Amino acid sequence: DLWGDNVVHIAVFLGLGLGLTHDFQQARWLVLSGLASFGTLCAVSIVSWRTARQKRVGPLFTSVAGGDRPHDLSPWRQRLISVSDALARRDFVYGVFVLALIQRLEWFLWASAIGANLYTLTLLFLSKKQR
C-alpha cells in the first residue's frame, strides 16, 4: 500500500510536469516534477526502511519517525514527529482539485517539489537523531 500510493503520487507529479511543460513551453516544469518525484521516492524509501526495521504487532502505520517511546522526547521533537506523521498521509488530492478549478496547478507542483524534499530531510533528521 505504501509503495502503491507513492507510485501514484510520482505519476501525478510527472503528469503535471508534462502537462505544464506542454501548456507553457517551459522546461522548468519537468525539473520541478523531477524534484517532486525524487523527494517522494527518497521519503517512501526512508519510511519503508524504518517500517521494516520496526518489529511490532498491530497496524503497520503507527508513526513514520516517532519510534516506540515518543513520550521520552522533547516537546519540539514530539511536534515535529506529529507534523511528519500528518504529512505522511498525503491527502493532497483535494488541493489538486481546487487548484485545477482555479487553473493554478503550477502552484501545486512548486509546493510538491519543495515540500517532498523538505519532508525527506525532516525524516532523515528524525531518523538520525533517534538512533
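Taking label positions 7 Å along the Cα-Cβ direction at both Gln26 and Ala111, the computed distance is 1.8 nm, reported to one decimal. A Förster radius of 22 Å, combined with the Cβ-Cβ distance separating Asp5 from Lys128, puts the computed FRET efficiency at roughly 0.30.
Throughout, read-outs are computed from the coordinates displayed, never taken from laboratory work. In this text the structure is predicted, and so the values were computed from the model without any measurement. Cβ sites come from the backbone with ideal geometry, for glycine too, and all protein chains shown count toward neighbours.
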